[in-house]
Amino acid sequence: LQMAGLLSAWTEATVMDDDRAVRELPAEAVVVGADAVTPTSVINKVRTRDLVAAAAQRGLPCYTIAATTKLVPLELPAPEPFEATPLELFTRVATSSGLLLPEEVEDRARQVRLHPVLPMLLERLDGP
């Protein structure tokens, strides 16, 4: 809802339920948030992948908005209610550094330095 409020200053933005959005796509572009961005995917709430894939099939541009602090150099597990959406389905990623191509975001995510304990914690989450 916050994103729709911000976008409404420059364009007409509508918030609707996921099923309707995926089915009808009554838009000229799709804009979604991001909980994290890895070198290969955008992690966000479930149904994001459905929405972005449906928009891509119709030739609609897809954007995600993510602060540069959400870039992560490792692949993350995406347990419910999250899912991974392939980065290449997005037209651009809006960051505090500007609108970036998926390839640029991949490079920037890979350059992020994590505390050494975090990769070990991720390995534990993945488990044997």
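The values are calculated or read from the model by the stated rules, or taken from the named source; none is laboratory data. Keep in mind it's a predicted model, so treat the numbers as computed, not measured. Glycine gets a Cβ as well: all are built from the backbone with ideal geometry, and neighbour counts include every protein chain shown. Side chains included, ligands, DNA and RNA excluded: accessible areas come from the protein's heavy atoms. Shrake-Rupley method; radii C 1.70, N 1.55, O 1.52, S 1.80 Å.
Listed values, structure above:
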read-out	value
Environment charge at Thr91 (Cβ cut-off 14 Å; Lys +1, Arg +1, Asp -1, Glu -1)	-2
Between segment 48-106 and segment 15-43, the alpha-carbon center distance in angstrom	9 Å
Total formal charge among the other residues, if their Cβ is under 15 angstrom from that of Thr69, Lys/Arg +1 and Asp/Glu -1	+2
Computed accessible area, Lys45, all protein chains, 1.4 angstrom probe, square angstrom	90 Å²
Ordering of 52-65, 18-31, 83-96 by burial proxy (mean other Cβ atoms within 10 Å per residue, highest first)	83-96, 52-65, 18-31
Computed helical MRE - 222 nm, the chain, DSSP H runs ≥ 4 contributing -39500 (n - 2.57), nearest 500	-9500 deg cm²/dmol
Where a label projected 7 Å from the Cα of Ala29 along Cα→Cβ would reach, residues of segment 92-126 with amide N under 15 Å	92-96, 98-102
Relative contact order (%) - the chain, alpha-carbon pairs under 8 angstrom, separation at least six	24 percent
Point-charge dipole on Cβ atoms (K/R +1, D/E -1) for the chain, about Cα centre, debye to 20	240 debye
Two-site label geometry, Arg92 and Ala53: point separation in nm, points 7 Å out along Cα→Cβ	2.6 nm
DSSP bridge orientation in the chain - percent antiparallel, rounded to nearest 5	55 percent
Tail fraction, Cα-Cα pairs, the chain, threshold 25 Å, whole percent	26 percent
